[in-house]
Amino acid sequence: MTKLNERVDRIWTNAEELGIAHRLTVILTSDFGRTPNYNDTNGNDHWPIGSTIVMHQNASWTNRTLGVTDGGPNAMRVNPRSLERDDNNGNIIYPKHVHRALQRHLCIESFAQSVGYGIDADNFNFFS
């Protein structure tokens, strides 16, 4: 974690030096999570629940945590518009939701769809 923190700090320091920090969006994520329990071979399987950190200087949507678990590793349903827990009408947030919202936020959603990289997922209102 120390090395990761140092590298992220370096990204922001370099961006400031180059005068582009205000235009930069930094995304930290993993390609997948791991199940909270060991399998029969004493390993962990892939798990669709994980974490993503999105940083953008002075953005109104920063400095918050979205999503909720049951107190353990299990994600609970969240309303895509209010971003509040909603067991009846919400959805579990998966990486596809984050990536679709990022495409929209970065203004590349139409282009991604036109070249076959559109993401079929509910629209979560993460960046407002």
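The values are calculated or read from the model by the stated rules, or taken from the named source; none is laboratory data. Just so you know, these numbers come straight off a predicted model, no measurement behind them. FYI the Cβ positions are ideal-geometry reconstructions off the backbone, even for glycines, and counts take in every protein chain you see. Please note that ligands, DNA and RNA were not included when accessible areas were found on the heavy atoms of the full protein model with its side chains. Shrake-Rupley method; radii C 1.70, N 1.55, O 1.52, S 1.80 Å.
Being assigned to a loop (DSSP other than H, G, I, E, B), hydrophobic (A, V, I, L, M, F, W, C) and open to solvent by less than 60 Å² (accessible area, probe 1.4 Å) is the filter here, so list the residues in the range 21-41 that pass it.
24
Could you list all residues from the range 49-61 that are exposed (fewer than 13 other Cβ atoms within 10 Å of the Cβ), more than 17 Å from residue 125 (Cβ to Cβ) and not β-branched (Val, Ile, Thr)?
Scanning the range 49-61 gives 51, 58.
So which residues in the range 94-128 are among the hydrophobic types (A, V, I, L, M, F, W, C) and over 21 Å from residue 75 (Cβ atoms)? Step through it out loud before you land on a result.
Here is the first cut: in the range 94-128, the ones among the hydrophobic types (A, V, I, L, M, F, W, C) are 98, 101-102, 106-108, 111-112, 115, 119, 121, 124, 126-127.
Result: 106, 107, 108, 111, 112, 115.
For residues in the range 84-97 being assigned to a loop (DSSP other than H, G, I, E, B) and surrounded by 13 or more Cβ atoms within 10 Å (Cβ to Cβ), which is modelled with the lowest pLDDT?
At the first step, the residues of the range 84-97 found to be assigned to a loop (DSSP other than H, G, I, E, B) are 84, 86-90, 92-94.
Keeping just the survivors that are surrounded by 13 or more Cβ atoms within 10 Å (Cβ to Cβ) gives 86, 90, 92-94.
Details: 86: 96, 90: 95, 92: 93, 93: 93, 94: 89.
Out of the qualifying residues, it is 94.
Each row is one residue, and each column tells you yes or no for (1) open to solvent by less than 90 Å² (accessible area, probe 1.4 Å); (2) in contact with a Cys (Cβ under 8 Å, 6 or more places away or on another chain); (3) part of a loop (DSSP other than H, G, I, E, B); (4) farther than 22 Å from residue 12 by Cβ.
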position: 43; (1), (2), (3), (4): yes, no, yes, yes
position: 63; (1), (2), (3), (4): no, no, yes, no
position: 71; (1), (2), (3), (4): yes, no, yes, yes
position: 82; (1), (2), (3), (4): yes, no, yes, yes
position: 99; (1), (2), (3), (4): yes, no, no, yes
position: 113; (1), (2), (3), (4): no, no, no, yes
position: 118; (1), (2), (3), (4): yes, no, yes, yes
position: 124; (1), (2), (3), (4): yes, no, yes, yes
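Residues are listed down the side, and each one gets a yes or a no for (1) touching a Ser or Thr at 6+ places or on another chain (Cβ under 7 Å); (2) under 30 Å from residue 20 (Cα atoms); (3) in contact (Cβ under 8 Å) with a residue 60 or more places away in the chain; (4) of a type outside the set (Phe, Trp, Tyr):
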{"position": "79", "(1), (2), (3), (4)": "no, no, no, yes"}
{"position": "87", "(1), (2), (3), (4)": "no, no, no, yes"}
{"position": "105", "(1), (2), (3), (4)": "no, yes, yes, yes"}
{"position": "114", "(1), (2), (3), (4)": "no, yes, no, yes"}
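Could you go through the range 62-83 and let me know if any residue there is closer than 22 Å to residue 24 by Cβ, among the hydroxyl-bearing types (Ser, Thr, Tyr) and out of contact with any helix residue (DSSP H, G or I) (no Cβ under 7 Å at 6 or more places or on another chain). So that I can check it myself, show each step before the final result.
Filtering the range 62-83 for residues closer than 22 Å to residue 24 by Cβ gives 62-66.
Still in the running and among the hydroxyl-bearing types (Ser, Thr, Tyr): 62, 65.
Next cut, out of contact with any helix residue (DSSP H, G or I) (no Cβ under 7 Å at 6 or more places or on another chain) only: 62, 65.
Among the residues of the range 62-83, at least one is closer than 22 Å to residue 24 by Cβ, among the hydroxyl-bearing types (Ser, Thr, Tyr) and out of contact with any helix residue (DSSP H, G or I) (no Cβ under 7 Å at 6 or more places or on another chain), which makes the answer yes.
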